[in-house]
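Colleague: Handing you a structure now.
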Amino acid sequence: MLMKQAGGRYIRGGTGEGRKKRFSGEGTEALYREHAGIPVIELELKSFLQLFDSFDPAPFHEKELNLDAEEYLYNAVDEFPLRKPLEIMIYLPSAEVSAELETNLKEAIKNHFSYKSLLAEIELKRLLYQGRRNFIIALTFLFLCLLVIRLLSAFEESLVNTLFSEGLLIIGWVAMWEPVHIFLYGWWPIVHRRNIYEKIVHMDVYVGKRSPEGERSQGYRFTPKKTP
């Protein structure tokens, strides 16, 4: 099982590394190390294949990411303001690291989240279309309800007349709720999700070596945290 550990690391659960998550009053940003002042989302994998969906038959650079990896990256990026620059660092066994693999991983991550962004854009367009259609239907229904209420007002006032009039008025306005909700609130989560995907697409991705003893290569230098 893939899980998040201290410092924004993404490792296999039950590896026995004994890391404990540290909480800080400075917020989640304090859990991430920095490179040149930019927070780094770190992923530690036993093999680059962990990053991908094993059932996807597509070519390597077009494979879909593993659902756990996708959710981890999304949630980690979502912890920061949208305009905050971020980087991704993937640690792999030394035997797997190569310039070609690094290029392919970068392309695979970019392709995956570009596709997710496209799906979110399609979902947004469908939702707005549904909102426009439902608004016309609801507005027509409300008009008919008000028309019937107007016709009922021509009859002698009675309990039944009042019951139907008040009921039609309530039902008519209730019918307006769904399209109004779509245009006021429903589209925001989709736009937010699309923006997160777009941000990941444009983030820098690095691949680092990790020895069997768990030590990282020193080519990628982190910025020391400032102590208060």
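Colleague: Working only within segment 144-155, note down all residues that are surrounded by fewer than 11 Cβ atoms within 10 Å (Cβ to Cβ) and in a helix (DSSP H, G or I).
Modeller: R150, L151 - these are the residues of segment 144-155 that are surrounded by fewer than 11 Cβ atoms within 10 Å (Cβ to Cβ) and in a helix (DSSP H, G or I).
Colleague: Which residues, counting only those in segment 36-65, are outside any loop (DSSP other than H, G, I, E, B), at pLDDT below 85 and in contact with a strand residue (DSSP E or B) (Cβ under 9 Å, 6 or more places away or on another chain)?
Modeller: Correct list: F48, Q50, L51, F52, F60, L65.
Colleague: Restricting to segment 156-200, name every residue that is in a loop (DSSP other than H, G, I, E, B) and either touching a helix residue (DSSP H, G or I) at 6+ places or on another chain (Cβ under 8 Å) or buried (at least 16 other Cβ atoms within 10 Å of the Cβ) (or both).
Modeller: Residues satisfying the conditions are M176, W187.
Colleague: Here is a check on your reading of the model: is K125 among the charged types (D, E, K, R) and either modelled with pLDDT under 95 or not in a helix (DSSP H, G or I) (or both)?
Modeller: When the stated conditions are applied, K125 does not pass them.
Colleague: Return yes when I109 is at pLDDT below 85 and not in a loop (DSSP other than H, G, I, E, B) and no when it is not.
Modeller: Criteria not met by I109.
Colleague: Would you tally the residues in segment 75-101 being free of Cβ contacts under 8 Å to residues at least 12 places away in the same chain and among the acidic types (D, E)?
Modeller: Of the residues in segment 75-101, 1 are free of Cβ contacts under 8 Å to residues at least 12 places away in the same chain and among the acidic types (D, E).
Colleague: To continue, here is another question. Would you confirm whether or not segment 84-107 contains a residue that is out of contact with any strand residue (DSSP E or B) (no Cβ under 6 Å at 6 or more places or on another chain), closer than 24 Å to H192 by Cα and among the β-branched types (V, I, T)?
Modeller: Among the residues of segment 84-107, not one is out of contact with any strand residue (DSSP E or B) (no Cβ under 6 Å at 6 or more places or on another chain), closer than 24 Å to H192 by Cα and among the β-branched types (V, I, T), which makes the answer no.
Colleague: Surrounded by 15 or more Cβ atoms within 10 Å (Cβ to Cβ) and at pLDDT below 85: does that describe K209?
Modeller: The answer is yes for K209.
The values are calculated or read from the model by the stated rules, or taken from the named source; none is laboratory data. Not measured: the values here are computed from a predicted model. Counting neighbours? That spans all protein chains shown, and the Cβs are built from the backbone with ideal geometry, glycine included.
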